[in-house]
Amino acid sequence: MLSKSMIEDVLTAALSTGGDFAEVFAEDRFSNNMSLQDGKIERSISGRDAGVGIRVFSGLQSVYAYTTDFSKEGLLKAAKNAAHAIKGSGSHIVSPLVQETIHPLNKIIQMPRTVENGRKAAVMKKAYNIAKNYHSSIKQATIQYIDAEQNVLIANSEGKFVEDTRVRSRLAIQAIASDGTQMQPGYYGPGAYQGFEFFENLNLEHYAGEAARIAVTMLDAEECPSGKFPVIIDNEFGGVIFHEACGHGLEATSVAKYNSVFANRIGEKVAPDIVTYIDDGTIPNEWGSLNIDDEGEKTRKNVLIENGILKGYLIDKFNGRRMGMEATGSSRRESYRFNPTSRMTNTYIAPGKSTPEEIISSTESGLYAKYMGGGQVNTATGDYNFAIMEAYMVKDGKLGKPVKGATLIGNGPKTLQLVDMVGNNLAHGAGMCGSVSGSLPVNVGQPMIRVSEITVGGTKGE
């Protein structure tokens, strides 16, 4: 995208007022987004977006600027604008740029840009037919197709020069069931760091069928009681609670400013022995994986909590300065328009020894959350509120009837302490995570777990 000589000139300009570190992030992105409803393609948007972000540090001061002008004149202007906001001291030079070789963790077989839209539409129509024809009560099905190719170049004044191509694909399936008096939704959104081969290998019968089954099942659900119960949270996207209520609190974005309940607690016991919490950006072809982060560092497996002991944080370069700690390959941004910071990739609770059958059969009474919905969390306190898309009451170790209107209300760190069973069926779920550096693809995951007590908000009294 940019020559080494041009980048060196830009970095030199960025350091011209005394900054001690400068970085260039160049991006060229191709994206395709299609939606199908009522059996017809309602929208098809393809686009290309390119730009360059320039960042300058001086001690604990950071300035970020970006431009869509790739000319040398435009880049130097952006670099000088960033430099003028820095009040540094001394003279810092740019180290010679040395290109790094990436050994891709994520094999791409078919680049989406090489696949005609007709093949993409065929995938959507098949998923639509499966969901729509699942049951007579399914009144509407909507399918969204997404693919993206992001080419990045990252260079900095310490001599780093690295390029990468990232490819992601996702299919979002929503079904709406109605019995004439109420409507209930069902949703599934599988995704991966893969090319078009992802869609060719996707088990549409499972994903589209599950979206429709959830909607149909919840039509017959009773009102959920409210109270404090043991709660069983199933695997895969069930991990969204700890992603939101604990994962964000382990990012240096909040830890470095002491806006996290986990700040300055490394070595402390924050969970039971059976809980190990990991963020791993190296899992091949997972939705949240990366070869390198958005500072050009290789991603890695970061064990955040090990057997209940807090072991570390997710750290980017700038917050690492604040904390006096090394970066962990965890710096991410939505695009060149965003200043990067520490973010999660594939975050999950490691599998335990209990089987799902053991967890359910050993629960005398409580709630079983099969599929989680959306929620809100205060990252400073860990307080959360999450809707459950599909839930069942548990009585005498057996699943009862489905219940609707269930929400989980609690505090992430406290809920973590109350995990008393961890299953052996780890699975991951694809999602999008919003924070100060934009919206990013992340995986959340866990095996089935049981929490001894959570406040359940329902639509009728206990």
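Worth pointing out:
- Charge dipole (Cα centre; +1 on Lys/Arg Cβ, -1 on Asp/Glu Cβ; no other charges) of the chain amounts to roughly 580 debye.
- For the chain: span of alpha carbons on each principal axis (Å, largest first): 72, 55, 35
- Using alpha carbons only, the radius of gyration of region 203-320 set against its Kirkwood radius gives Rg/Rh = 1.06.
- Counting only DSSP H runs of at least 4 residues, each contributing -39500 (n - 2.57), and dividing by the residue count of the chain, the helix-based mean residue ellipticity at 222 nm comes to -5000 deg cm²/dmol.
- Within the shell of other residues whose beta carbon sits under 12 angstrom from the beta carbon of G375, the net charge comes to -2, with Lys and Arg scored +1 and Asp and Glu -1.
- Selection from T379, S330, I305, by position along the positive dipole direction of region 293-397 (Cβ): S330
- Karplus (6.51, -1.76, 1.60) ³J(HN,Hα), θ = phi - 60°, over region 410-415, in Hz, Gly and Pro reported as x: x, 10, x, x, 6, 5
- Axis angle, to the nearest 10 degrees, between helix 4-14 and the longest C-alpha principal axis of the chain: 90 degrees.
- Backbone HN-Hα couplings from phi across region 261-272 [Karplus 6.51/-1.76/1.60, Hz, Gly and Pro as x]: 5, 9, 4, 6, 10, 4, x, 8, 7, 10, 7, x
- Loop-located GluC sites (Glu not before Pro) in region 269-339 (DSSP state not H, G, I, E or B) with no more than 13 neighbouring Cβ atoms inside 10 Å: E326.
- For region 156-169, 3J(HN,Hα) per residue [Karplus equation, 6.51 cos²θ - 1.76 cosθ + 1.60, θ = phi - 60°, Hz, x = Gly/Pro]: 9, 6, 8, x, 6, 8, 8, 10, 7, 10, 10, 10, 10, 9
- Radius, Kirkwood style, for region 222-457 when every pair of distinct Cα atoms is counted (Å): 17.7
- Positive-end extreme of charge dipole, region 4-219 - chosen from T68, S89, S46 (charges on Cβ): S46
- Degrees, to the nearest 10: 204-219 long Cα axis against longest axis of the chain: 50
- Sites S178 and K125, calculated FRET efficiency, Cβ-Cβ separation with R0 25 Å, nearest 0.05: 0.65
- When each of K40/K120; K370/K395; K228/K404; K107/K298; K87/K257 is checked by Cα-Cα distance, pairs over 19 Å: K87/K257
- A protection proxy built from the mean count of other Cβ atoms within 10 Å ranks the segments 110-118, 388-396, most packed first, as 388-396, 110-118.
- Under 5 Å between amide hydrogens, built in the peptide plane, is the criterion, and for K395 it picks out G400 among residues at least 5 positions away or on other chains.
- Working ranking of peptides 2-11, 276-285 by packing, defined as the average number of other Cβ atoms within 10 Å per residue, highest first, is 276-285, 2-11.
- Rounded tilt (10° steps) of 117-132 against the dominant C-alpha axis of the chain: 20
- Percent of Cα pairs exceeding the 21 Å cut-off, where the set is region 4-219: 63
- Positive-end extreme of charge dipole, region 191-333 - chosen from V275, N291, I315 (charges on Cβ): I315
- Sparsely packed GluC sites (Glu not before Pro) within region 173-273, loop by DSSP, other Cβ within 10 Å at most 15: E268
Where a number appears in this text, it was derived from the coordinates with a stated rule and is not lab data. All values derive from a computational prediction rather than experimental measurement. No Cβ is skipped: glycine too gets one built from the backbone with ideal geometry, and neighbour counts run over all protein chains shown.
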